[in-house]
Amino acid sequence: MDRPEPFRDLDWDPKRARELGERALDLWVELLEKLPDLPIGRRERAEEVRAAVSLDVPDEPMPLDDLMAHLRSVVLEHSMYPGHPGFMAYVSGAGTIPGVAGDLIAAAVNQNVGGWRLSPAASEIEMQLTKWLAAQFGLPEGSGGLLTSGGAMANFIGLKAARDAKGGKEVRARGVQGEPRMTLYASEEVHLVVDRAADMLGLGTQACRHIAVDDRFRMRPDEVRRSIELDLTDRSRPIAIIASAGSVATGSIDPLNELADLAEEYGLWLHVDGAYGGPGVLADDLRPLYAGIERADSITFDPHKWLYTPHSGGCVVVRDLAGLGESFGVYPSYIYQDLDATGRGTDFAQMGPQFSRGFQALKVWVSLLAHGRAAYAQRISHDAALARYLDARATEHPEFEVMAPTVLSICCFRYVPPGLPATGPGRDDYLDELNGRLMTELQLDGRAYCSNAVLNGRFVLRACIVNFRTEAEEIDTLLDVAAEIGARFDATMRPGGLR
Ligand SMILES: *Cc1c(COP(=O)(O)O)cnc(C)c1O
C-alpha cells in the first residue's frame with residue numbers, strides 16, 4: 001500500500017496559535033472593559049438568538065476575521081453576564097479573572113485527569129486542592145475529594161457513597177431491588193437535584209423524605225427523628241441525612257450538630273449540601289454558622305458559585321477518601337499499570353462516575369493562589385454584608401417587605417405597592433402575580449437582575465450575591481428599578497377589590 005503522506009491541516013503553527021490566542025485575549029479584555037455598560041439581560045427571544053448565532057459548518061476554513069467577528073457578536077451581543085456588577089440571580093459566581101487564565105492553560109496542556117499517568121501534575125494538584133478544601137470544613141486527615149461538573153453531580157457522588165456504605169457492599173452488583181427500601185432525609189427546602197440523585201441511584205424520588213422546616217427555613221430535627229422512626233417500623237432502611245448549609249432559596253443552614261447527633265444515633269451517613277453556602281466557612285464572621293459541618297461524611301460545594309470560578313466546577317469532599325474508590329472503582333483490562341513503577345498516584349477515574357476528566361481543578365487552584373485566602377474570606381464576608389444591607393434597605397422602604405431571615409448572601413423580599421390594603425381576600429394572590437410579572441420584566445429590562453423563590457407558597461424576589469463586582473450601588477439600583485416596574489404594573493393590574 002502507498003505510504004500515507006503527512007496531513008497537517010489541523011496542526012497549526014505556534015505562530016498561528018499566538019495570533020488566534022491574542023485575538024481571543026482581546027475579546028476577553030474587551031468584555032471585561034465593557035461589562036458594566038452591557039445590559040445584564042436582553043429582550044431577545046430564542047428564535048432571534050438562534051438566527052444570530054447559528055452557522056453551517058463550512059467545508060473550507062472560515063477566514064479568521066469572520067470567525068472572530070462572529071465570536072465577538074456571540075460574546076457581546078447575545079450572551080448574559082453573571083459577572084456583571086448588577087447580576088444577583090440564582091447562584092452563579094462572577095467568574096474569576098485568574099480562573100480564565102487557568103482554564104486556558106488547562107485546555108492547552110490537555111490532561112486527562114482520569115488517570116494519574118495521563119495527568120501527573122494535574123492529579124496531584126486536584127488531590128492537594130481537594131484535601132485543602134476538605135480541611136477548611138474541618139474534615140480530618142484521610143479526607144479529600146474531587147472536582148465535578150457542579151453541585152448536582154457532587155451531591156450524586158456523595159449519596160452514591162452513602163448508598164454503598166450503608167446499603168451493603170453487594171448493592172453495587174445486586175442493585176437496589178427488593179426490601180428493605182433505602183430512605184433519605186432532607187428538608188422541604190433542599191435542592192431538587194437531591195431527589196434526582198435518589199432517582200439516578202435507583203432509590204426513586206419517593207425515597208427522599210422531605211422534612212418540615214421551622215420558621216427560619218431550617219430542617220426540624222424532631223421531625224427527622226419522627227420520620228426515621230416511622231420508616232424503621234415500615235420495613236425501610238434509613239441510610240442518610242442530607243443537611244443544607246445554605247439552602248438555595250433563602251440560604252438557611254440546617255442545625256448541623258443536631259443532625260450529626262441523629263446520624264450518629266441511627267448510624268446514618270451525614271451529607272451536607274453546601275453547593276451554594278459551603279465556601280462561607282472561609283469567612284471568619286460566617287464560620288460559626290457552620291458549627292458541626294466537620295462531622296459530615298460528605299460535603300458538596302461549588303467553586304463556580306461562591307468561590308467565583310468560571311463555570312463549570314463543583315466539588316465533593318468526603319471524610320473517607322478511600323470509600324469513593326470502593327463505590328466507583330472499575331478496572332478495565334486495557335488499563336494495565338505497574339503501580340510500583342509510578343509511585344501509586346490516584347486515578348480519579350476510579351473515584352467518581354466520569355472516566356476521562358478535564359483539568360477543572362486548575363482554575364480553582366490558580367484563583368486561590370492568585371488572590372490568596374484572605375481576599376476570599378473578606379469578599380465572601382462582604383457579599384453577606386451587602387445582603388444584609390439589602391435586607392435593611394428593603395425593610396425601611398415602604399414598598400418592600402423582607403420575606404426570610406438573611407443569613408448568608410441571599411435576601412428574599414417582595415414589592416408591596418402603596419395603598420394596598422394591609423389584609424383582605426386576594427391580597428397575597430395579587431402580590432404573587434404582581435411580583436412574578438415584576439421579576440420577568442426586571443430580567444428583560446437589563447438594568448438590574450434578580451430571580452425568585454417561593455416561600456410558604458408565596459412568590460418572592462430573591463437576590464443572591466456571589467459576585468465580587470456587586471456593591472451597594474447595585475443594591476440601590478435593584479430596589480429602584482424593582483419599585484419603578486412594580487408601580488408601573490400595579491397601576492394597570494390591581495383588581496378593583498384591592499383599591
Ligand atoms: C446550585 C445548587 C445545587 C446544584 O448545583 P449545580 O452546580 O447547579 O449543579 C445543589 N444544591 C444547592 C444548595 C445549590 O445551591
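Just so it is clear, none of the values below were taken in a lab; they were calculated from the coordinates. The shown structure was predicted, so the numbers you read here are calculated from the model rather than taken from an experiment. For neighbour counting, all protein chains shown are included, and Cβ atoms are generated from backbone atoms with ideal geometry for every residue, glycine included.
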Q. For labels at residue 124 and residue 26 in the simple 7 Å Cα→Cβ model, what's the distance in nm?
A. 3.9
Q. Okay, which of the range 478-499 sit inside 14 Å, backbone N to the point 7 Å along the Cα-Cβ direction of residue 428?
A. none
(Q) Quick check on the exposure proxy: order 160, 34, 131 from fewest to most C-beta atoms within 10 angstrom. (A) 34, 131, 160
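At 30 angstrom or more along the helix axis (alpha-carbon based) and mean Kyte-Doolittle of 0.0 or higher, what helices does the chain contain? Whole DSSP H runs only.
Details: long enough: 361-396 (44 Å, 0.04); 472-493 (31 Å, 0.33).
Answer set is 361-396, 472-493.
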Q: Provide 388, 181 in ascending order of the number of other Cβ atoms located within 10 Å of each residue's Cβ, fewest first.
A: 388, 181
Q. Counting only pairs 8 or more places apart or on different chains, how many lysine pairs in the chain have C-alpha atoms closer than 29 Å?
A. 13
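Nearest-5 percent of antiparallel DSSP beta bridges in the chain?
On the way: 23 of 43 bridges.
Antiparallel bridges make up about 55 percent of those DSSP assigns within the chain.
Note down the net charge around residue 308, summing +1 for each Lys or Arg and -1 for each Asp or Glu among other residues with Cβ under 11 Å from its Cβ. List each step's numbers first, then the result.
Details: positive: 305, 363, 379, 469; negative: 302, 383.
Neighbour charge sum, excluding residue 308 itself: +2.
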Q | Helical contribution to [θ] at 222 nm, DSSP H n ≥ 4, -39,500 (n - 2.57), averaged over the chain, rounded to 500 | A | -14000 deg cm²/dmol
Q. For all pairs of alpha-carbon atoms in the chain, what percent lies in each bin of width 20 Å, listed from the first bin to the last filled one?
A. 21, 49, 27, 3, 0
Q) What are the semi-axes of the equivalent ellipsoid for the range 395-486, taken as the square roots of 5 times the Cα gyration tensor eigenvalues, largest first, in whole Å? A) 22, 14, 12
**Q.** Computed log₁₀ I(q)/I(0) - Debye formula, equal Cα scatterers, no solvent, the range 122-237, q 0.17 Å⁻¹
**A.** -1.00
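Arrange 29, 49, 213, 113 by Cβ neighbour counts within 10 Å, fewest through most, would you?
Numbers: 29 10, 49 15, 213 21, 113 27.
Sorted ascending by nearby Cβ count, the order is 29, 49, 213, 113.
Taking 0.36 nm per residue of separation and subtracting the Cα-Cα distance, what length does fully extending residue 287 through residue 215 add? Present the calculation step by step, with values, prior to reporting the outcome.
Values: separation 72, 0.36 × 72 = 25.92 nm, distance 2.22 nm.
Taking 0.36 nm per residue and subtracting the Cα distance, the gain is 23.7 nm.
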Q | Other-chain or far-sequence residues with amide H under 5 Å of residue 314's (modelled H) | A | 148, 149, 150
